[in-house]
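Enquirer: Sharing a structure below in structure tokens format, with a few things to ask.
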Amino acid sequence: MVTDQPIVAQEVVITGPTRGLISTPYAFTATLAPITATLPITYVWDATGQLPMVRTASWTDTVALSWNTIGTQTITSTAVEPQGAVTGTYTILIVDQGDGGHRVYVPSILRVSD
């Protein structure tokens, strides 16, 4: 008699933007590898300054996050299954609305008097 052995998750990869503006929601997706891991998968999302979120999904899960403080924010997603758990980590730099990362340089002209 052949029994199906559960396929254990090996990795969680988080994707999303690497830079964003304060108070603006951004989508982050956790993808489990291998995509043949045994279901169900419970995702535990933790992010700097956020309350943890627990969600049940398949091999991918997407959440929207926003921050009210500037600086580097860390996001982790832990995929929990009956055989164990794996965690992925991701960072995003949040900047102020007035600091979109662009600088304007105006040339200076100096007049030399005789």
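The values are calculated or read from the model by the stated rules, or taken from the named source; none is laboratory data. Predicted model only: the values in this text are computed from it and were never measured. Methodologically, a virtual Cβ is constructed for each residue, glycine included, from the backbone with ideal geometry; neighbour enumeration extends over all protein chains shown.
Enquirer: Can you pull out the residues in segment 41-85 that are closer than 18 Å to residue 19 by Cβ and either touching a residue at least 60 places away in the same chain (Cβ under 8 Å) or of a type in the set (Gly, Ala, Ser) (or both)?
Expert: Scanning segment 41-85 gives 47, 49, 64, 66, 71, 75.
Enquirer: Collect the residues in segment 1-41 that are outside any loop (DSSP other than H, G, I, E, B), of a type outside the set (A, V, I, L, M) and exposed (fewer than 15 other Cβ atoms within 10 Å of the Cβ), keeping them in residue-number order. If you could, list the steps in order and put the result at the bottom.
Expert: First, pick out the residues of segment 1-41 that are outside any loop (DSSP other than H, G, I, E, B): 11-15, 19-21, 26-33, 41.
After this cut, where a residue has to be of a type outside the set (A, V, I, L, M) as well, the list is 11, 15, 19-20, 26, 28-29, 31.
The answer is 11, 15, 19, 29.
Enquirer: Looking only at segment 9-38, count every residue that is more than 24 Å from residue 67 (Cβ to Cβ) and either of a type outside the set (A, V, I, L, M, F, W, C) or touching a residue at least 40 places away in the same chain (Cβ under 8 Å) (or both) and tell me the total.
Expert: 8
Enquirer: Just to verify a result, which residue in segment 69-113, among those that are modelled with pLDDT of 70 or more and of a type in the set (Asp, Glu), is nearest to the chain's Cα centre (by Cα)?
Expert: Among those that are modelled with pLDDT of 70 or more and of a type in the set (Asp, Glu), it is 96.
Enquirer: Next question, about the same structure. May I ask you to list the residues in segment 48-61 that are surrounded by 15 or more Cβ atoms within 10 Å (Cβ to Cβ), modelled with pLDDT of 95 or more and in a strand (DSSP E or B)?
Expert: The one that is surrounded by 15 or more Cβ atoms within 10 Å (Cβ to Cβ), modelled with pLDDT of 95 or more and in a strand (DSSP E or B): 61.
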